[in-house]
């Protein structure tokens, strides 16, 4: 099966999980961003351009499904994919997916994503930017990074040669 077809199928399955099952794992109305973990995984394994393109596509699909603010998730996930692409190193793919560096990459991309998302989303509302970023964005980053430990531990059990 071609690489991009496999990535697209996994993406569609994860979007379905994100919009259905993951919403039941909310803690104080904060849910982990499984799609962001997937975008960082694409960035580490494929590079910056595929991560940026998949980030845009995933964000646009999530915007269409949620119907809230068309283009906001597309923008923030595109930027997160672009930034996460800087962590791509073709000789260290297995290592970067299997140790604590993966959690750092997910945390950094998640914080950048949430900063952009809430900076735009809170415009014109009663919630100020500081409260939105540090009340929702920081806790969402922590929760997403915690959930990212699951694929990290799965990848740490795989042989490093791929």
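We did not get these values from a lab; they are worked out from the coordinates using the rules stated. Just so it is clear, the model here is predicted, and its values are computed rather than measured. Methodologically, a virtual Cβ is constructed for each residue, glycine included, from the backbone with ideal geometry; neighbour enumeration extends over all protein chains shown.
Structural remarks
- Rounded to 10°, Cα long-axis angle of helix 100-121 versus longest principal axis of the chain: 30
- Against the chain, whose longest principal axis is taken from its Cα atoms, helix 48-66 shows a tilt of about 40°.
- Neighbour counts of other Cβ atoms within 10 Å put 45, 145 in the fewest-to-most order 45, 145.
- Gaussian network model of the chain, springs between alpha carbon atoms under 10 Å - residue of 144, 78, 122 with greatest fluctuation: 122
- Available extension along the chain between residue 64 and residue 150 is 28.2 nm, counting 0.36 nm per residue and deducting the alpha carbon span.
- Pairwise alpha-carbon distances in segment 110-162 exceed 13 Å for 62% of all pairs.
- Dividing the summed -39500 (n - 2.57) terms of all DSSP H runs of n ≥ 4 by the residue count of the chain sets its mean residue ellipticity at 222 nm at -22000 deg cm²/dmol.
- The gain in end-to-end length when the residue 119 to residue 8 segment is fully stretched comes to 37.0 nm, 0.36 nm per residue minus the alpha carbon separation.
- Radius of gyration and Dmax over the Cα atoms of the chain, both given in Å: 15.3, 52
- Fewest-first ranking of 61, 21, using other Cβ atoms within 10 Å as the exposure measure: 21, 61
- Rounded to the nearest 10 degrees, the inclination of helix 34-46 to the longest alpha-carbon principal axis of the chain is 40 degrees.
- Modelled FRET efficiency - R0 22 Å, residue 142 with residue 89, Cβ distances, 0.05 increments: 0.30
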